[in-house]
Amino acid sequence: MMEIAASAAIAALERQMSLVLVPPVAVDHPGFLNLEADGVLFIEPSSDDPHVADLVRRGMPLVTIGRVGLHKEARIPHVALNATMITEQALAHLASTGARQVALFVGKTARASYRDAEVAYLDFAMRNSMAPVIRRLSEIEGEAAGYRAACELLEQTPQIDAILVPIDTFATGVVQALKGKGRRIPQDVRVVTRYDGLRARESTPKLTAFNLFLDDIARLALTRLFQEIDGADAPPEISAPAPALIVRESSYLEN
């Protein structure tokens, strides 16, 4: 989120505007109720987010990074985050390394990216005659949720040889659990996450992840927001740049 915010702030300054970072306060918090802005960028809202509903009610120009609704026809202007493509590429990479039983860890919140990832994962499982294993974890618990879920998974499904963990805080918890259980990464269990941030790059082993080109996404979203502010007629969805898989030692070791 901070990478997006920093890029958006620079892009806004180029248009002689300032970006204000609003913390995740409750919808009835005075700071949110009294928020005055020319427009709002909202990062990955849930499908039932009350903040979005309130902003729409106020008629405030709004663009989201990530689709608001769980279905493709969501009409609030947004930059699509390619969750389906990311999931398909990650699963194809894991299969190419020899993984045969892949689990998916996603968040509990009703976000479009989680739903898209689950749909792509279930399609992969069906096509490869693989029993699907999905765990929905609390984002608030972060690493602890990933750690606990991985420990339980290893007890319940010891044949798991790969875990796709789009949320990087869950992924670092998974790595800790695998090490604690004496599972080698990637020889015994491979791990792939979504965002190539500090957690992915500083993990031991380093995590296979995706360059999401967040600076480009931020600029696309801000440009679309200016169109909303100006009342321009523009399509509701903007495609983000295609993500680039960065293979590291959490999923593949060269001979």
Consider Thr109 against the criteria (1) at pLDDT 95 or above; (2) open to solvent by 40 Å² or more (accessible area, probe 1.4 Å): it satisfies all of them except one. Which criterion is unmet? (1)
If Lys206 satisfies all but one of (1) in a loop (DSSP other than H, G, I, E, B); (2) in contact with a Lys or Arg (Cβ under 8 Å, 6 or more places away or on another chain); (3) buried (at least 19 other Cβ atoms within 10 Å of the Cβ), what's the number of the condition it fails? (3)
Scanning the stretch 21-46 residue by residue, those among the aliphatic types (A, V, I, L, M) and in contact with a Pro (Cβ under 9 Å, 6 or more places away or on another chain) turn out to be Ala26, Val27, Ala37, Val40
Would you please name the residue that is farthest from Pro235 (Cα to Cα), looking only at residues in the stretch 172-203 that are assigned to a loop (DSSP other than H, G, I, E, B) and either open to solvent by 60 Å² or more (accessible area, probe 1.4 Å) or touching a Pro at 6+ places or on another chain (Cβ under 8 Å) (or both)? Lys181
Going by the conditions given, is Asp54 of a type in the set (Asp, Glu) and modelled with pLDDT under 95? yes
Can you name every residue in the stretch 209-230 that is in a helix (DSSP H, G or I) and either basic (Lys, Arg) or farther than 17 Å from Gly66 by Cβ (or both)? Arg219, Arg224, Phe226, Gln227, Ile229, Asp230
Among the candidates Ala103, Ala145, Ala131, which residue alone is out of contact with any Phe, Trp or Tyr (no Cβ under 8 Å at 6 or more places or on another chain) and open to solvent by less than 50 Å² (accessible area, probe 1.4 Å)? Ala103
Looking at the stretch 234-244, is at least one residue in contact with a strand residue (DSSP E or B) (Cβ under 6 Å, 6 or more places away or on another chain), open to solvent by 60 Å² or more (accessible area, probe 1.4 Å) and in a strand (DSSP E or B)? yes
Within the stretch 112-121, considering residues that are touching a Leu at 6+ places or on another chain (Cβ under 9 Å) and of a type in the set (A, V, I, L, M), the one surrounded by the most Cβ atoms within 10 Å (Cβ to Cβ): Ala117
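The values are calculated or read from the model by the stated rules, or taken from the named source; none is laboratory data. Here the structure is a predicted model, which means the values were calculated and not measured. Reconstructed Cβ throughout: ideal geometry from the backbone, glycine too, with neighbour counts over all protein chains shown. Side chains included, ligands, DNA and RNA excluded: accessible areas come from the protein's heavy atoms. Shrake-Rupley method; radii C 1.70, N 1.55, O 1.52, S 1.80 Å.
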